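J.: After the structure tokens below, expect a handful of questions from me.
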Amino acid sequence: MKVAVFHGAGKSITIEAVADDPLGPHDLRIEVGRCGICGSDVSMTSGSPFDYATGMRLGHETAGTVIEVGKAVTRCKLGDHVAIIPRGFCGACPPCRAGRVLFCETGPMHMGGFGERMVVRENAAFPFPAKVSMAEGALVEPIACGRRAMRMARLEPGASVLVLGGGSMGMAAVFWARAMGAGRIVAATRTPARHETLCAIGADAAVTSEELGSAFAEPPDIVVEAIGQPGMLHVATERVRPGGAVVSLGMCTAHDPVLPAFNAFREVSLHFPLSYSPDDFIETIGAFDAARFRPEVMVSEMMPLSALPALIEEMRGHHSHHKVQIAPAA
């Protein structure tokens, strides 16, 4: 099969032919239908201290079809469409018991969504109904991050929310803020082409940075930083109300200083979510199934696997791409 492999910063990502992985008794073999390009696929292959390991297969926003099941599989069946948590998990270690399954002490990583097939543990696969498209299935992983972010921020019904950034994480925050009963939601992005989509998924307004000053009558209860550039976390703390919450979803990989005394005198809380729990995946699939609009509107482009290396390089600079998904079989 073919799969994308990272060989270190400054080197081209390659599409390589490799043998299919063996299937264990609790495993599923998945034919990948779609896999989204995440900002981390760019930032964590760029030479930062947080880069993926050399030789790692890439792609973690994955959805596909079950084409083979292990002997001990009980929950999934052939033909199921599934969204994948990119880690198998034991369910018993302290991180798993706390719902932080990506930190499982023994489970295998399930990278390789930028490939034709992959083997995953059954408990990392979440079936989704026919109403949810394969493109939407590959959105479950990034959008589930928004639910965890809103839970960590302790969003209450009617709370006002400002989202800085209109990429995948910004959309995830908007989606779940609306689904969880937020009041006024404003998304700020320098890309006007994304405004219509942000409003379709739940924002009351989408504005440019120049228009941000008049977006709220009073400072918002929650500010989500979803840009990931140095300096934006401090901007977020300046915008939030006293006693409010700032959530860092941009996952900046460089030092991004904030002034502790400034935040202490205003009792601002800072939150740094990484991922999601199994419940976040289940609730996201349910929300997609019940959505009054099709979440697929968040996807701007579908490209073949062969286009991935050039796309990643292009995304290291200024670009016009929004949410791009790879269809390995295309």
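The values are calculated or read from the model by the stated rules, or taken from the named source; none is laboratory data. Just so you know, these numbers come straight off a predicted model, no measurement behind them. Heads up, the Cβs are rebuilt from the backbone with ideal geometry, glycines too, and the neighbour counts pull from every protein chain shown. Ligands, DNA and RNA are stripped out before the accessible areas are found, and what is left, the full protein with its side chains, is counted by its heavy atoms. Shrake-Rupley method; radii C 1.70, N 1.55, O 1.52, S 1.80 Å.
J.: List the residue pairs whose Cβ atoms are under 6 Å apart, where the first residue sits in the range 279-297 and is at pLDDT 95 or above, the second is open to solvent by 80 Å² or more (accessible area, probe 1.4 Å) and not in a helix (DSSP H, G or I), and the two are 6 or more positions apart or on different chains.
T.: So the pair list comes out empty.
J.: Quick one: which strands (runs of 3 or more DSSP E) sit completely within the range 12-119 and have at least 3 residues that are of a type in the set (A, V, I, L, M)?
T.: Once the strands (runs of 3 or more DSSP E) in the range 12-119 are filtered for at least 3 residues that are of a type in the set (A, V, I, L, M), what remains is 27-36, 61-69, 81-84.
J.: Six or more apart or on different chains, Cβ under 9 Å: which pairs go from a residue in the range 241-266 that's part of a loop (DSSP other than H, G, I, E, B) to one that's of a type in the set (Ser, Thr, Tyr) and open to solvent by 40 Å² or more (accessible area, probe 1.4 Å)? Could you list them?
T.: Short answer, once both residue conditions are applied: 243/269; 244/269; 253/46.
J.: Could you say whether any residue in the range 66-78 is open to solvent by 40 Å² or more (accessible area, probe 1.4 Å) and over 16 Å from residue 26 (Cα atoms)?
T.: no
J.: Sticking with this structure for a sec: Please enumerate the residues belonging to the range 187-218 that are under 18 Å from residue 168 (Cα atoms), over 20 Å from the mean Cα position of the chain (by Cα) and touching a residue at least 24 places away in the same chain (Cβ under 8 Å).
T.: Once the filter is applied, which keeps residues that are under 18 Å from residue 168 (Cα atoms), over 20 Å from the mean Cα position of the chain (by Cα) and touching a residue at least 24 places away in the same chain (Cβ under 8 Å), the range 187-218 yields 193, 206.
J.: Now, a different point. Of these, 25, 95, 49, which one is loosely packed, with under 12 Cβ neighbours inside 10 Å and out of contact with any Ser or Thr (no Cβ under 8 Å at 6 or more places or on another chain)?
T.: Matching residue, one of 25, 95, 49: 25.
J.: On to the next question. Could you list all residues from the range 170-185 that are more than 20 Å from the chain's Cα centre (by Cα) and either in contact (Cβ under 8 Å) with a residue 60 or more places away in the chain or crowded, with 17+ Cβ neighbours inside 10 Å (or both)?
T.: Across the range 170-185, the qualifying residues are 182, 184.
J.: Now a separate question. (1) on the phi > 0 side of the Ramachandran plot; (2) open to solvent by 10 Å² or more (accessible area, probe 1.4 Å): which one isn't true of residue 59, the others all being true?
T.: Every listed condition holds for residue 59 apart from (2).
J.: Name the one entry in 196, 225 that is of a type outside the set (Ser, Thr, Tyr), buried (at least 21 other Cβ atoms within 10 Å of the Cβ) and closer than 23 Å to residue 321 by Cα.
T.: Every option except 225 fails the conditions.
J.: So which residues in the range 210-234 are over 23 Å from residue 269 (Cα atoms) and of a type in the set (Gly, Ala, Ser), if there are any at all?
T.: Correct list: 214 only.
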